[in-house]
Amino acid sequence: DARTGGFGGNCSGTVDAPCPHDGHLLYTLSALQILAMADALDDERLDKEAIVKFVAGLQNDDGSFSGDEWGEIDTRFSYCALSCLALLGRLPLPKWASDQEAKTVDENAIIDIHKAVEYIISCRNFDGGFGCVPGAESHAGQVFCCIGALSIAHSLHLLNEHPANDADLLTWWLAERQCDSGGLNGRPEKQADVCYSWWILSALSIMGRVSWINTSKLGQFILNCQDDDDGGIADRPQDMPDVYHTFFGLCGLSLIGHLEKIGDKEGRKYPEVDPVFALPTVVVQKLGLRAQVISEDGGKVEDRLKTHAVLNGSGAQ
């Protein structure tokens, strides 16, 4: 969108006279992720500075981010904003980041990272989960957005400085999302859905707590959702598959190591997915992206996460 600098979800008009839809943080992040995977972030047609200004211009006085110029506020947009700036190498890090972590600190900070982090923490609830705004119901999708944003901002230690106790309380809430089928739901009393294989597993992976759920049963649930005819993955068994759930199903299989096992049987190697940036780890490493994760008990860290800064298993600095 030449008017705002962000990306829209589609483009009307003609090939010679395209008319992009309004720029939005959701589509801007998706566009940058696709360009990153295509090794095209340095394409001369990409106006990076316009994107940075677009993202920065959507931060509100309380630290939150609007999705577009029309003003909707949601913690999804906080994650999108910080991820966009990280991909473009323009994310300022907070004052508590160590010198080693702060390689991407911008002296002329284009957003207030401290307010951004404070707003995310303000969206945490008594049950340990996060909502889309302060006081909103905890939801697994929002948990990923908030944990992912805190990870990108090197601020996961703040989980243990909140009245809602510590990272273990959040992990317990996430573990309770596993249903009898092995699948995960997004909120209490809801059906399991393959998409939460990503939203929940990614947060657990960042916090070093994947072992808190039954990964074998989850892997079987995801595989049961694959359509025998066209190969796609649906939200749950016997439903119609779609690209959305296929992506999240594959990401879930990757995060629990099942995709690697399938690759071994087939004699091929599938790329691992990074739980913070939702990109192949090879892309994250090539771009030099460095977030923050929490180690498992005993200090162990998954190989895919070793390029990130690591807190000890309690989440304390």
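The values are calculated or read from the model by the stated rules, or taken from the named source; none is laboratory data. All values reported here derive from a predicted model rather than from experimental measurement. Heads up, the Cβs are rebuilt from the backbone with ideal geometry, glycines too, and the neighbour counts pull from every protein chain shown. To get the accessible areas, we keep the full protein, side chains included, count just its heavy atoms, and leave off ligands, DNA and RNA. Shrake-Rupley method; radii C 1.70, N 1.55, O 1.52, S 1.80 Å.
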If I ask for residues that are surrounded by fewer than 21 Cβ atoms within 10 Å (Cβ to Cβ) and without any contact (Cβ under 8 Å) to a residue 40 or more places away in the chain, which ones from the range 20-38 would you list? 20, 21, 30, 31, 34, 35, 38
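For every residue, the table says whether it meets (1) of a type in the set (Ser, Thr, Tyr); (2) more than 21 Å from residue 291 (Cβ to Cβ); (3) without any contact (Cβ under 8 Å) to a residue 40 or more places away in the chain; (4) open to solvent by 30 Å² or more (accessible area, probe 1.4 Å).
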position	(1), (2), (3), (4)
141	no, no, no, no
156	no, no, no, no
173	no, yes, no, no
177	no, yes, yes, no
184	no, yes, no, no
Can you name every residue in the range 178-191 that is assigned to a loop (DSSP other than H, G, I, E, B) and either out of contact with any Asp or Glu (no Cβ under 9 Å at 6 or more places or on another chain) or farther than 18 Å from residue 138 by Cβ (or both)? 179, 180, 181, 182, 183, 189, 190
Over the range 39-57, the set of residues surrounded by fewer than 14 Cβ atoms within 10 Å (Cβ to Cβ) and under 17 Å from residue 289 (Cα atoms) is 39, 40, 42
When the range 203-229 is checked residue by residue, the ones that are in contact with a Cys (Cβ under 9 Å, 6 or more places away or on another chain) and without any contact (Cβ under 8 Å) to a residue 60 or more places away in the chain are 221
For the range 158-171 the number of residues that are surrounded by fewer than 24 Cβ atoms within 10 Å (Cβ to Cβ) and of a type in the set (A, V, I, L, M, F, W, C) is 3
Just the residues that are among the acidic types (Asp, Glu) and modelled with pLDDT under 95, please, taken from the range 124-143. 127
